[in-house]
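Peer 1: My questions will all concern the structure given below.
Laboratory data are not the source of any read-out in this text; all were calculated from the coordinates shown. These numbers were taken from a predicted model, which means no experiment stands behind them.
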Amino acid sequence: MDYGILRICETEKSEIEAVRAFVTINATSEKILFGNAAVTASEDLKSILEKVKQVGENIDIHTEAVSVSTNSGILGKNSTANYSIKLTVNDLNTLGAILGVCSEGKKISVRSVSWDYDEDAEKLNLIKKALRKAKHKAEAMMEEIGYSVAGIRSCSDSYITPNVGEIIISGSNDPLSDEAAPSMVRRRSQAPTVDFGAEFKSKKQISATCVVEFLVRTKSG
């Protein structure tokens with residue numbers, strides 16, 4: 001029995017919100033400490049992080065980087081340490097208050113905010129919708145010309161999930177170099193739409209596409 005091939009492509013889209021945020025803060029101190037001990041490098045930093053924990057309990061704190069600058073070429077009294085501390089904020093309802101607390105420090109600045117999304121469940125939901133739509137379209141089209149869907153030859157799925165960039169809150173203390181400036185502009189231009197009102201939210205649109213090749217035949221066949 002001869003079969004024909006009907007190729008159907010369907011796409012479903014939806015908008016999802018971030019489930020957590022990553023806040024990077026910069027701090028300077030004359031104390032030079034490494035690892036997680038860096039969070040106690042200055043009384044200012046230590047005080048800010050204690051306040052952060054009071055605002056939201058579900059927050060993880062990690063030292064991302066430590067750099068040291070010195071005028072003498074050796075570590076000593078004239079050395080200054082620059083710390084990059086990453087806060088993982090799992091309750092976005094507290095994000096605004098946390099950013100407010102972090103901005104209180106004299107030698108502390110909020111560097112950036114980036115976002116994390118749980119996409120897997122929504123991707124599965126979207127591809128199932130696209131498949132149902134493709135099946136319904138194939139059956140409706142074949143009904144009009146006296147054919148029926150007999151099976152599937154192939155089926156594939158693909159997704160578009162934009163990589164949402166970070167929001168640059170403040171730059172480093174040093175002026176941007178000519179090479180760094182274009183990179184900063186690009187990172188800003190790729191940033192998501194964020195509501196900086198009463199709530200801090202980040203959303204992005206994801207899509208799922210299915211391509212199905214149906215086996216079709218005449219109803220009389």
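Peer 1: Return the subset of K53/K204; K106/K203; K53/K123; K53/K86 for which the Cα-Cα distance in this structure is over 22 Å, preserving the input order. Before the final figure, lay out the partial values.
Peer 2: On the way: K53/K204 28 Å; K106/K203 32 Å; K53/K123 34 Å; K53/K86 13 Å.
Flagged as over cut-off: K53/K204; K106/K203; K53/K123.
Peer 1: Once amide H atoms are placed 1.01 Å from N in the peptide plane, what residues at a sequence separation of 5 or more from S103, or on another chain, have their amide H within under 5 Å of its amide H?
Peer 2: HN-HN under 5 Å from S103: empty list.
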